[in-house]
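The values are calculated or read from the model by the stated rules, or taken from the named source; none is laboratory data. The shown structure was predicted, so the numbers you read here are calculated from the model rather than taken from an experiment. Reconstructed Cβ throughout: ideal geometry from the backbone, glycine too, with neighbour counts over all protein chains shown.
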Amino acid sequence: MEPLFSHSPRSEPNRAAHGDAPPSRVYRLELAVPRDVVYRAFVGDAHLWWPADSTRFGEGTHVFIEDGVVGEEGENGETVVWAEVRHEEPGEDIVFSWSDGAPAGSPTTVTVALEDASGHSAGGTVVTVTQDGWAAGSIGDAQFKRSSDWRAILGRFAAFFGQLPEAVEELAGGGD
């Protein structure tokens, strides 16, 4: 029901009650580094820059993106798979079916896109990470809450290249 007067406050619909899915999360980072270097670091050096507090096993974990999966291996050799690689175009993008180690169900989609940045004579790169494809209702809300670390993760990636973590821009869907 619409308010009677145009200046009356409108109540926001309860998204979860209506079975809607959470909004996309989108983050952006600009680096003064060529795309191929950024891509190789993202995929091949994740164990060097991925923050330990955004892992299951904590300090001493080895994060990897290889053999079609994203995951981590703990110091005791235990492995958790977070995602499967659905598409990979080196230097351009990589797309994951992201389950975050949760039981089989409704994985989300994480897309890491790389584009040339203007204004960098050495060839800068814009990194955009988008996570979407959430399930509807309470399952999607749980996925959304569980996947709230992208700003911190990209902040560590920025630091890997000598940038401040604050260089990561949140374009949509953050703020839990």
- Query: Given (1) part of a loop (DSSP other than H, G, I, E, B); (2) farther than 18 Å from VAL38 by Cβ, where does GLU72 come up short, assuming only one miss?
  - Reply: (1)
- Item | Test result for VAL63, without any contact (Cβ under 8 Å) to a residue 24 or more places away in the chain, surrounded by 19 or more Cβ atoms within 10 Å (Cβ to Cβ), of a type in the set (A, V, I, L, M, F, W, C) and not in a helix (DSSP H, G or I) | yes
- Hey, any hits in region 144-164 for a residue that's over 11 Å from the mean Cα position of the chain (by Cα), within 17 Å of PRO107 (Cβ to Cβ) and hydroxyl-bearing (Ser, Thr, Tyr)? no
- Message: Filter region 131-164 down to the residues that are at pLDDT 90 or above and within 21 Å of ARG40 (Cβ to Cβ) and list them by number.
- Response: ILE153, LEU154, GLY155, ARG156, PHE157, ALA158, ALA159, PHE160, PHE161, GLY162, GLN163
- Scan region 135-150 and report the pairs whose first residue is charged (D, E, K, R) and whose second residue is at pLDDT below 80, with Cβ atoms within less than 8 Å and a gap of 6+ or a chain change. ASP141/ALA16; ASP141/PRO22; LYS145/ASP176; ARG146/ASP100; ARG146/ALA102
